[in-house]
Each structure stands twice: as C-alpha cells, then as structure tokens.
Amino acid sequence: MKQEDLMARLDGYTFYQQVDLGGGLKTPGLPTGPKQKQVLRFIDSLDLNAKRVLDVGCANGLFSFAAEKQGAGEVVAVDHTKNNIDCINDILAPHLTSRVRAHHLNMLDMTPEAHGRFDLIVFAGVLYHLRYPFRGLQVIRDLMAPGGYLILETGIFEDFGHRALLSTPSPEVSPQKSRGGNACAFFNERGLREALAYFGFRVEQAVVPGQGLKRLAKKTLGSLPVGYLPISNAVFLCRYDPDREDRFLREFYEGNPER
C-alpha cells in the first residue's frame with residue numbers, strides 16, 4: 001500500500017498511541033512518554049520466545065507489537081473500544097505482517113477456561129479506571145501461568161506510605177474530571193504492593209515517580225493539603241507465584257475452597 005493511501009485509511013480512526021509503521025512513518029497519536037517507554041523497557045527485558053502474551057487495554061497495539069518483536073509465540077490484545085480493535089485488525093496488523101489478533105472484549109469477562117493462561121500480561125493504563133480494582137487484579141491473577149510476569153502501569157496516589165490506602169475519587173474531583181471522571185481507583189504504593197502480594201505477585205522492579213514531590217510537600221507543608229490529590233504513574237514488573245497466596249484468605253474472600 002502506498003504511504004498516502006495508508007495514511008488516508010488511518011484518518012478514519014482515533015489514536016492514543018504512536019505505532020511505528022516502518023519507513024519513517026508513525027501513526028497519529030500521543031508521542032510515547034516516560035511511562036510507556038518504561039513498559040517497553042520491561043517488555044524488552046524478558047525472554048518471550050514462544051510465550052503467550054496478553055495485552056489488556058491494548059489501545060492501538062503499541063505493547064502488543066513490541067511483545068511480538070520480542071519473540072512472543074502468541075499475542076492476544078483486548079480492549080473495550082471497538083475503534084482500537086478494528087484499527088489493529090484491519091490496518092496495523094496486516095501492514096506490519098503481524099500475527100497479533102485483537103478482540104473487542106471487557107477484560108472482566110475473561111476466564112482461563114475460555115482464553116487460557118498467559119506467560120506475560122501487560123496491564124497498562126487500566127487499573128485506575130476500574131470501579132472494582134480488586135476484581136480486576138483477581139481476573140489478571142486467574143489468567144496468569146505459574147511463574148508468569150505482569151507488567152502493571154497505573155496511576156498511584158502519592159502519600160508518605162504509613163498505611164495501605166485506596167483512594168476512590170468521585171467524578172467531580174477525579175484527576176480526569178475533564179474526561180468524564182473515569183479515573184476512579186488509585187492505590188498508594190504500599191496499598192498496591194500489598195494487593196499484589198495477596199494475589200501472589202512478587203514485585204521484582206518498580207519505577208515510582210513522585211518521591212521528590214512527597215519529600216518537598218512534607219518539608220514545606222508538614223502534610224498534603226486538604227483536597228490535593230497527588231497522582232503519578234508508576235510501572236511495576238511482577239512475577240506470579242501461586243505459592244505466595246494465603247489459601248485461607250483466598251477461600252474466605254473468594255469462596256474457592258476447591259483450590
């Protein structure tokens with residue numbers, strides 16, 4: 001396909017990510033920022049040869065195509081926005097001669113019985129949009145193969161880490177209130193680490209910005225001002241080990257005595 005024809009076809013879609021099309025061409029969309037670059041670095045650090053990869057909230061497929069380039073045997077991309085799915089399946093994957101296949105699907109509807117288990121799950125920019133964030137992490141846990149990796153990028157609530165917290169702002173005070181307030185669940189770092197540990201994930205690496213801001217706020221204000229919602233984007237590389245889970249608590253909270 002000629003470049004002008006390709007770009008004309010892309011005009012019919014909305015882009016959230018810039019995907020490299022080769023030949024110096026990129027899709028429209030926001031430039032790849034620090035949080036996306038960190039997710040890509042974690043993907044590049046893993047041996048994905050012949051592995052199954054799931055990209056949850058795949059948007060325009062930036063991380064899906066990166067995982068395939070890293071040698072993944074199968075990449076499944078899911079998103080609840082049909083624009084993103086059609087763009088990948090109709091244009092981007094064919095143009096890149098990619099085997100990535102995207103599915104119009106809510107991740108909360110996924111099960112290991114229907115979709116299998118994955119050696120890597122990329123869960124970027126989704127968790128803080130979930131009204132039921134623990135349910136989202138439960139679904140991710142159930143889709144993981146033992147020993148598999150999770151790359152989690154999410155917005156976290158900055159505080160001083162004295163206790164595990166989950167902030168659930170109303171649409172009126174959400175950091176994304178101008179976009180309908182659909183960012184509604186922000187763990188602090190300690191809360192997220194404890195939630196991940198409950199689900200059997202060990203954090204192997206973490207990039208958590210905002211530490212300087214917290215120190216400055218503590219030094220100058222003594223505490224964070226009322227109504228101030230400091231959010232930064234953090235990226236975690238985790239390894240799933242089912243033996244880390246507390247079986248009593250799993251049965252108590254989730255009602256799965258057969259496990």
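The values are calculated or read from the model by the stated rules, or taken from the named source; none is laboratory data. It should be emphasised that the depicted structure is a prediction, and the values quoted were computed from it without experimental measurement. Reconstructed Cβ throughout: ideal geometry from the backbone, glycine too, with neighbour counts over all protein chains shown. Heads up: the accessible areas ignore ligands, DNA and RNA and are worked out on the full protein's heavy atoms, side chains in. Shrake-Rupley method; radii C 1.70, N 1.55, O 1.52, S 1.80 Å.
Taking all protein chains into account, the per residue accessible area for the range 68-111 stands at 48 Å² (1.4 Å probe). So which residue, out of 196, 25, 249, gets the largest mean-square fluctuation from a GNM of the chain using Cα contacts under 10 Å as springs? Top of the fluctuation ranking is 249. Computed from Cα positions, the angle between helix 133-143 and the longest principal axis of the chain comes to roughly 60 degrees. Computed over the chain with a Gaussian network model linking Cα atoms closer than 10 Å, the most mobile of 170, 64, 232 is 170. Evaluated over the Cα positions of the range 144-186, the convex hull gives a direction-averaged projected area, one quarter of its surface, of 4.6 nm².
In the elastic network of the chain, a GNM with C-alpha springs shorter than 10 Å, the most mobile of 179, 117, 135 is 179.
In Å², and per residue, what accessible area does the range 150-195 have when probed at 1.4 Å with the other protein chains present?
45 Å²
Note on the chain: the alpha carbon radius of gyration divided by the globular reference 2.2 N^0.38 Å gives 1.05.
In the chain, helical runs assigned H by DSSP with n ≥ 4 each contribute -39500 (n - 2.57); averaged across all residues and rounded to the nearest 500, the mean residue ellipticity at 222 nm is -8000 deg cm²/dmol.
Per-residue 3J(HN,Hα) values for the range 34-49, derived from phi via the Karplus relation 6.51 cos²θ - 1.76 cosθ + 1.60 with θ = phi - 60°, read x, 5, 5, 5, 5, 4, 4, 5, 5, 4, 5, 7, 9, 8, 9, 4 Hz in sequence order (x marks Gly and Pro). Taking the accessible area of the chain, probe 1.4 Å, and keeping the other protein chains in place, the carbon and sulfur fraction comes to 51%. In a simple Cβ point-charge model (Lys, Arg +1; Asp, Glu -1; nothing else charged), the chain has a dipole of about 780 debye relative to its Cα centre. Summary value for the range 1-98: 26 percent relative contact order, contacts being C-alpha pairs under 8 angstrom separated by 6+ residues. How high is the relative contact order of the range 103-206, given as a whole-number percent (alpha carbon pairs under 8 Å, six or more residues apart)? Once divided by the residue count of the range 103-206, the mean separation gives 27 percent. Does anyone have the angle between helix 189-198 and the longest principal axis of the chain? Alpha-carbon axes, 0 to 90°, nearest 10? Roughly 80 degrees between the two axes.
Taking all Cα pairs closer than 8 Å and separated by 6 or more residues, the relative contact order of the chain comes to 15 percent. Size descriptor for the range 83-153, Kirkwood hydrodynamic radius: 13.5 Å (Cα pairs only, one decimal).
Centre-to-centre, using Cα atoms only, the range 35-69 and the range 115-186 are separated by 18 Å.
Both radii were evaluated on the Cα set of the range 12-161; the Rg over Rh quotient, with Rh as the Kirkwood radius, amounts to 0.95. 3J(HN,Hα) couplings calculated from phi for the range 78-95 with the Karplus curve 6.51 cos²θ - 1.76 cosθ + 1.60 (θ = phi - 60°) are, in sequence order, 10, 7, 8, 9, 5, 3, 5, 5, 4, 4, 5, 6, 8, 10, 5, 4, x, 5 Hz; Gly and Pro show x.
Under 5 Å between amide hydrogens, built in the peptide plane, is the criterion, and for residue 187 it picks out 157, 167 among residues at least 5 positions away or on other chains.
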